[in-house]
Amino acid sequence: MSWWSVLLFLGLAALLWRRGLAHRDDVIGLFTKFLAVLVLVVVVVAGQPLLLELCLLALALWLPSALQCERQSRGELGS
């Protein structure tokens, strides 16, 4: 997949996600977000853009672990 088609698909995914957030109907908004995620999956699987994969890996590593969240919620309940 060429770089311009990857950029086109990423732009399409961003547009779909934004329209999904702005839609008043929950079902249509959720379906639009699902299509945006599907377009991103196509880019990741078919395009193999290293930059996007590295960004997603960094995001996954940045997110807190379930154990950390559980300890914080137990600490708040105990106080």
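The values are calculated or read from the model by the stated rules, or taken from the named source; none is laboratory data. Since we're looking at a predicted model, the values are computed, not measured. Note that each Cβ is placed from the backbone with ideal geometry, even for glycine, and that neighbours are counted across all protein chains shown. When the accessible area is computed, the model is the full protein with side chains, heavy atoms only, and any ligands, DNA or RNA have been set aside. Shrake-Rupley method; radii C 1.70, N 1.55, O 1.52, S 1.80 Å.
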Restricting attention to region 46-63, which residues are at pLDDT below 70 and in a loop (DSSP other than H, G, I, E, B)? 48, 49
Condition first: at pLDDT 70 or above, loosely packed, with under 15 Cβ neighbours inside 10 Å and among the basic types (Lys, Arg). Can you find one or more residues in region 30-45 that meet it? no
Going through region 9-29 in order, the residues found to be more than 17 Å from the chain's Cα centre (by Cα) and open to solvent by 100 Å² or more (accessible area, probe 1.4 Å) are 24, 26, 27
